[in-house]
Amino acid sequence: MQESMYKYLKMGFVHFMAYPAAMKQDNKVVLESVEASCKDEYFTAIELMRILDVETRRKAKAMLDQSGMTVCHAAQPVVLGGKLNINSVDGAKREEAVSVLTKELDLCQEMGSDRMAFLAGRLEEGATFDDAWKACVKSLQELCDAAARKKLGITLETFDTDVDKCALVGKSKQAAKLAQQVDRENFGLMVDLSHAPLLGEGPAEAWRPVKDYLVHAHLGNCYTADKNNPAWGDQHPRFGLPGSPNGVKELTEWLRMLFEIGFLGEGKQPVVSFEVKPLPGENSEIVLANAKRAMNEAWAKV
């Protein structure tokens, strides 16, 4: 592809994965890394998790406003860290998850994002898939309705179902069925290149079924060759890590499929984000630079 990728997409990255200290609410790291991101013209979008400290949040918001970057609100850490489960068959647990995520919409709106993303919970021991599915649909409808009152959208990210995160909603055909049943205009799906190998899906299997519901795409990697390796599972290591499934070749194939299904095209600029994380001993900026190089090379081959 000879044309600039910025004609077709907003290039983003998942901030708290690239800078793991931000996940722990290290305010100094949050501000320094947000400032560096705002100065980096490669990125036109950023995915942020909740920033709990009010003053840190205010300063980060001021820099993001200056930068002109698109801000996406990521509530996946809230779900995983809080062990929330929108598909719990225990009514009290399901309502707790919906309540926490409904309150999270306030932070989403405050930071200037127009959508909030998260994932489904696990299938609880003793629960049937059908009952958990019904609970998931109900929760998503309630969250979509709450978001609509704030003129916001809800995005569900698909995850692995039996390797690491073990979420209820994983394969794209299943996710498309869910979106159809949720039946809300402000609901959409996010599919992640790093989760596809964990689900046994290639580009066509992952993208085509959700083409009518896809609102966001993640580009990343995973690793399942050795359980003793810190990269094992859904840890989003750098592209091209030895023994991992995703490098420039795979990234090129996935980008081509995004054009084929119409997610990328003339007059469209959806957010497409790197989700990469430094392994122990690695450097955040170098890992991000690796992702940029992989994207630049893949884009040139599309």
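Can you list the equivalent-ellipsoid semi-axes of region 214-302, largest first and in whole Å, using the square root of 5 times each Cα gyration tensor eigenvalue? Mind showing how you got there, number by number?
Values: eigenvalues 126, 34, 28 Å².
So the equivalent ellipsoid measures 25, 13, 12 Å along its semi-axes.
Loop-only trypsin sites (Lys or Arg not before Pro) in region 72-148, please: DSSP not H, G, I, E or B, and at most 15 other Cβ atoms within 10 Å.
Details: sites: LYS83, LYS93, ARG94, LYS103, ARG115, ARG122, LYS134, LYS138; in loops: LYS83, ARG122.
Passing both the DSSP loop test and the Cβ count: LYS83.
Whole-Hz Karplus ³J(HN,Hα) for region 44-49, in order, using 6.51 cos²θ - 1.76 cosθ + 1.60 and θ = phi - 60°, x for Gly and Pro?
10, 8, 8, 9, 10, 8
Going by average Cβ density within 10 Å per residue, which order do the peptides 275-282, 141-148 take, highest to lowest?
Values: 275-282: 17.0, 141-148: 18.8.
The packing order, highest mean first, is 141-148, 275-282.
Quick one: Kirkwood hydrodynamic radius for region 87-137, alpha-carbon pairs, angstrom, one decimal?
Details: mean 1/r = 0.0829 Å⁻¹.
Radius from the Kirkwood sum: 12.1 Å.
Local charge sum around ALA231 (other residues, Cβ-Cβ under 12 Å, Lys/Arg +1, Asp/Glu -1)? Mind showing how you got there, number by number?
On the way: positive: LYS227, ARG238, LYS277; negative: ASP164, ASP226, ASP234, GLU282.
Taking every other residue near ALA231 into account, the sum is -1.
About its Cα centre, what dipole magnitude does the chain give when the only charges are +1 on Lys and Arg Cβ and -1 on Asp and Glu Cβ, stated in debye to the nearest 20?
360
Could you give the alpha-carbon Rg of the chain over 2.2 N^0.38 Å, rounded to two decimals? Present the calculation step by step, with values, prior to reporting the outcome.
On the way: Rg = 18.1 Å, N = 302, 2.2 N^0.38 = 19.3 Å.
Scaled against compact globular proteins, the figure is 0.94.
Can you give the charge dipole size of region 10-163 about its Cα centre, rounded to the nearest 20 debye, using +1 on the beta carbon of Lys and Arg and -1 on the beta carbon of Asp and Glu? Mind showing how you got there, number by number?
Details: 20 positive and 25 negative charges, 89 e Å.
For region 10-163, the charge dipole is close to 420 debye.
For region 195-268, which GluC sites (Glu not before Pro) are in a loop by DSSP, counting at most 14 other Cβ atoms within 10 Å?
Numbers: sites: GLU201, GLU205, GLU250, GLU253, GLU260, GLU266; in loops: GLU201, GLU266.
Answer in residue order: GLU266.
For a quick check, take a GNM of the chain with Cα springs below 10 Å and name the residue from GLU157, GLU124, GLU55 with the largest mean-square fluctuation.
Evaluated over the chain, the most mobile residue of the options is GLU55.
Evaluate the distance, in nm, between pseudo-label points positioned 7 Å from the Cα of ASP131 and of ASN283 along their respective Cα→Cβ axes.
My value for the distance between the label points is 5.3 nm.
Want the number for ASP164 to ASP212: 0.36 nm per residue separation, take away the alpha-carbon distance, what's left?
On the way: separation 48, 0.36 × 48 = 17.28 nm, distance 2.75 nm.
Length difference between fully extended and current span is 14.5 nm.
Using the Kirkwood radius over C-alpha pairs as Rh, can you work out the diffusion coefficient of region 114-179 via Stokes-Einstein at 4 °C, viscosity 1.567 mPa s, in µm² per second? Write out the running numbers ahead of the final one.
Working: Rh = 12.5 Å.
D, rounded to a whole number, is 104 µm²/s.
Using alpha-carbon pairs under 8 Å, 6+ residues apart, how would you state the relative contact order of region 5-301 in percent? Please list the in-between numbers first.
Working: 567 pairs, mean separation 53.8, N = 297.
Computed value for region 5-301: 18 percent relative contact order.
Run the helix sum for the chain: -39,500 (n - 2.57) per DSSP H stretch of 4+ residues, divided by residue count, reported at 222 nm to the nearest 500 deg cm²/dmol.
On the way: 12 runs with 133 residues, N = 302.
After summing the helix terms and dividing by residue count, I get -13500 deg cm²/dmol.
Given springs between every Cα pair under 10 Å in a Gaussian network model of the chain, which of GLY170, GLY112, GLY68 has the largest fluctuation?
GLY68
List, in the order given, every pair from LYS39/LYS277; LYS177/LYS292; LYS93/LYS249; LYS61/LYS173 whose Cα-Cα distance in the structure shown is over 32 Å. Present the calculation step by step, with values, prior to reporting the outcome.
Numbers: LYS39/LYS277 20 Å; LYS177/LYS292 34 Å; LYS93/LYS249 43 Å; LYS61/LYS173 37 Å.
Check vs 32 Å cut-off fails for LYS177/LYS292; LYS93/LYS249; LYS61/LYS173.
Between GLY220 and residues 5 or more places away or on another chain, which pairs have amide H atoms under 5 Å apart, with H built 1.01 Å from N, and which residues are they?
Amide H to amide H, under 5 Å and 5 or more residues apart or across chains, GLY220 pairs with LEU193, SER194, GLU275.
Based on the mean of other Cβ atoms within 10 Å per residue, sort peptides 210-220, 187-197 so the most packed one is first. Let's see the in-between values first.
Details: 210-220: 22.3, 187-197: 24.9.
Result, highest mean first: 187-197, 210-220.
Per the Debye formula with a single identical scatterer at each Cα and no solvent contribution, what log10 I(q)/I(0) holds for region 1-120 at q = 0.09 Å⁻¹?
Results for region 1-120 at q = 0.09 Å⁻¹ read -0.27.
Report the local net charge at LEU31: Lys and Arg +1, Asp and Glu -1, summed over other residues whose C-beta lies under 12 Å from its C-beta. Write down the numbers at each step before the final one.
Values: positive: LYS28, ARG57, ARG58, LYS59, LYS61; negative: ASP26, GLU32, GLU35, ASP53, GLU55.
Summing Lys/Arg as +1 and Asp/Glu as -1 gives 0.
Starting at the first residue of region 232-247, write each ³J(HN,Hα) from the Karplus equation 6.51 cos²θ - 1.76 cosθ + 1.60 with θ = phi - 60°, in whole Hz, x for Gly and Pro.
4, x, 9, 9, 6, x, 4, 5, x, 4, x, x, 9, x, 10, x
So if R0 is 41 Å, what FRET efficiency would LYS138 and GLN2 give, r being the distance between their Cβ atoms, rounded to the nearest 0.05? Intermediate values should be presented prior to the final figure.
Numbers: r = 48 Å, r/R0 = 1.17.
Once rounded, the FRET efficiency stands at 0.30.
Using the Karplus equation 6.51 cos²θ - 1.76 cosθ + 1.60 (θ = phi - 60°), what ³J(HN,Hα) coupling, rounded to whole Hz, does each residue of region 201-214 give in order, writing x for Gly and Pro?
In residue order, the calculated couplings are 10, x, x, 5, 5, 7, 8, 4, x, 9, 4, 7, 10, 6 Hz.
Mind listing the long-range amide H neighbours of LYS10? Cut-off is under 5 Å, sequence gap 5 or more, other chains count too, H placed in the peptide plane at 1.01 Å from N.
Excluding prolines and chain starts, which carry no amide H, the hits are VAL271, VAL272.
Read the figures in this text as sums done on the coordinates, not as results from a lab. Not measured: the values here are computed from a predicted model. Every residue, glycine as well, gets a Cβ built from its backbone with ideal geometry; the counts of neighbours run over all protein chains shown.
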